[in-house]
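The values are calculated or read from the model by the stated rules, or taken from the named source; none is laboratory data. Only a predicted model underlies this, so the values are computations on that prediction, with no experimental measurement involved. Cβ placement follows ideal geometry from the backbone for every residue including glycine, while neighbour counts extend to all protein chains displayed. Side chains included, ligands, DNA and RNA excluded: accessible areas come from the protein's heavy atoms. Shrake-Rupley method; radii C 1.70, N 1.55, O 1.52, S 1.80 Å.
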Amino acid sequence: MFDDRYVSEIEENVFEECMELRNHGKKIIGVYCAFTPKEIIAAAGGIPVALCAGSQKSVEKGELHLPRNLCPLVKSSYGHALADSCPYLYYSDYILADATCDGKKKMFELLGNMKPLYLLQLPQTAETEESLEYWLKELYKIKELLEKETGVHITDEGLREQIKLYNQFRKSINQVYELNKGEVPLVYGKEIEAITGAVTFECNLNSRIEEIQLAIEKIKERTKNSVFLQEIKNKPRILLTGCPTTNKKLLNIIEESGGVVVAMENCGGLKTTGNLVEETENPMRALGERYLSVACPCMSPNPKRLEIISKIVEDYKIDGVIELTWQACHTYNIEAYDIKRFVTGECNKPYMQIGTDYTDHDHQQIRVRVEAFLELLSE
């Protein structure tokens, strides 16, 4: 129901709307990670756009300047800049980047030669008050920067308005996932990706919320479709965790092999959408607290990720956990040891880690491993 055509139709409409706004002076601000508060961008009258890439073609371009054994996400993102092959990046007037890993951090130094860029310096831990104060100083820096870039003064009232709007957006995405909490899941992981990730430019969140709500109503009609319910009810329920699903190779293999990805904890999934911003009198501090709490392995320690996974396993009746690790993503790869121990011990669920890149060279090998894992869950 929610295929590539569904995505392309929404993207085409939003792209045209954003170009019209840009022609009238709106600034497009590119972001790369879940730590950058889009509410501040929107309160400045800017249009946030997500820039992480999933194309193997741009990986090859990125390798002209970057090591071959670097993370494909980093290479693909940079390759698009070299080739001018991504309209989202091409039309970005300014980039706000996050120092989440060494690969991205050094790549951003090169990218800064092509686009105006500010690198937000993240603290190493989210566990201390000193870290929060440090992070707040960074957020005030980008607030001032955005005011200069857009010519719009960012007020507390404007921030609170955007916090409410983005919270509604997150709630809508969470409602899509929640369709899979029942005894029989109602939506495949590929469809969740299509519905929630259909638009990269965020220029009209109210329209996106309406589109997501319409999709939810269509999906609910499946409760009357006995053929669909019979098809999906006995499929193993998978939690896909780990690196961002910028490339859909593993997600597609899991569902083509007979599983259903009922929940995703990856960046952009429940790890980031499940956590709302407190609607308080001090919006900047509320944004600082919320965004610093993103359970990314770049933070040390990172106990919140275990809490999130535990809750997802229980709420979504997970049968097995599959962790995606992109090649050379050392933070996720090292943390996978603790995730495996936690999932198989505390959660008492089967776990499998898949390390890969954006190419198809290991497609069949991964398929065989996934099929064996799903067969184990069906016994």
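For the range 103-246, report the translational diffusion coefficient in µm²/s to the nearest whole number, using Stokes-Einstein at 10 °C, 1.306 mPa s, and a Kirkwood Rh over Cα pairs.
D, rounded to a whole number, is 83 µm²/s.
Whole-Å semi-axes of the range 139-203's equivalent ellipsoid, largest first, each the root of 5 times a Cα gyration tensor eigenvalue?
On the way: eigenvalues 238, 36, 13 Å².
So the three semi-axes of the range 139-203 are 35, 13, 8 Å.
Explain nothing, just the number: relative contact order of the range 310-379, from Cα pairs under 8 Å at least 6 residues apart, as a whole percent. Provide the component values of the computation, followed by the final result.
On the way: 55 pairs, mean separation 25.1, N = 70.
Result for the range 310-379 is 36 percent.
Per Stokes-Einstein, at 25 °C and 0.890 mPa s, what whole-number D in µm² s⁻¹ belongs to the range 260-379, with the Kirkwood radius over Cα pairs as the hydrodynamic radius? Spell out each step's value before the answer.
Details: Rh = 16.0 Å.
The calculation lands on 154 µm²/s.
Just reorder 304, 224 by solvent-accessible area, largest first, 1.4 Å probe, all chains present.
In descending accessible area the options line up as 224, 304.
Considering only protein heavy atoms, what is the solvent-accessible area of residue 312 at a probe of 1.4 Å, reported in Å² to the nearest 10?
10
Grab the DSSP H runs of the chain that are 4 residues or longer, score each as -39,500 (n - 2.57), total them, divide by all residues and round the 222 nm result to the nearest 500 deg cm²/dmol. Walk me through the intermediate numbers first.
Values: 17 runs with 202 residues, N = 379.
The helix contribution divided over the chain gives -16500 deg cm²/dmol.
Over the range 151-238, give the accessible area per residue in Å² for a 1.4 Å probe, as an integer. Kindly include the intermediate steps, with their values, before the conclusion.
Working: 4160 Å² over 88 residues.
Roughly 47 Å² per residue, with all protein chains present.
Per residue and in Å³, how big is the convex hull formed by the alpha-carbon atoms of the range 1-101? Please report the intermediate quantities before stating the final value.
Working: hull volume 12.6 nm³, N = 101.
Once divided by residue count, the hull of the range 1-101 is 125 Å³.
Please say if the range 31-190 is rounded, prolate or oblate, where rounded means a/c under 1.5 for a ≥ b ≥ c the square roots of the C-alpha gyration tensor eigenvalues, and otherwise the choice is prolate for a/b larger than b/c and oblate otherwise?
Values: a/c = 1.57, a/b = 1.09, b/c = 1.44.
Oblate is the answer for the range 31-190, as a/c is 1.5 or above yet b/c matches or exceeds a/b.
Per q in 0.12, 0.15, 0.16, 0.22 1/Å, what log10 I(q)/I(0) does a Debye calculation on the alpha-carbon atoms of the range 236-311 return?
So the normalised log intensities are -0.42, -0.60, -0.67, -1.01.
Can you give the accessible area of residue 14 in Å² (nearest 10), computed on protein heavy atoms with a 1.4 Å probe?
20
List, in the order given, every pair from 233/304; 181/311; 26/143; 38/220 whose Cα-Cα distance in the structure shown is over 23 Å. Mind showing how you got there, number by number?
On the way: 233/304 31 Å; 181/311 12 Å; 26/143 16 Å; 38/220 30 Å.
Check vs 23 Å cut-off fails for 233/304; 38/220.
Dipole of the range 86-219 (Lys/Arg Cβ +1, Asp/Glu Cβ -1, origin at the Cα centre): which of 158, 205, 132 lies farthest to the positive side?
205
Report, to the nearest whole %, how much of the accessible area of the range 1-83 belongs to carbon and sulfur atoms, 1.4 Å probe, protein only.
Numbers: 1710 of 3660 Å².
Answer for the range 1-83 is 47 percent, counting heavy atoms of protein chains only.
So in the chain, what percent of DSSP beta bridges are antiparallel if you round to the nearest 5?
Working: 1 of 27 bridges.
Percentage antiparallel, nearest 5: 5.
For the chain, give the magnitude of the charge dipole about the Cα centre (Cβ charges: +1 Lys/Arg, -1 Asp/Glu; no others), in debye to the nearest 20. Don't skip to the end; give the middle numbers.
Details: 45 positive and 58 negative charges, 84 e Å.
Roughly 400 debye, rounded to the nearest 20.
Determine the order of 342, 15 by accessible area, beginning with the largest, at a probe radius of 1.4 Å. Display every interim value, and only then the final one.
Numbers: 342 40, 15 60 Å².
The ranking, largest first, comes out as 15, 342.
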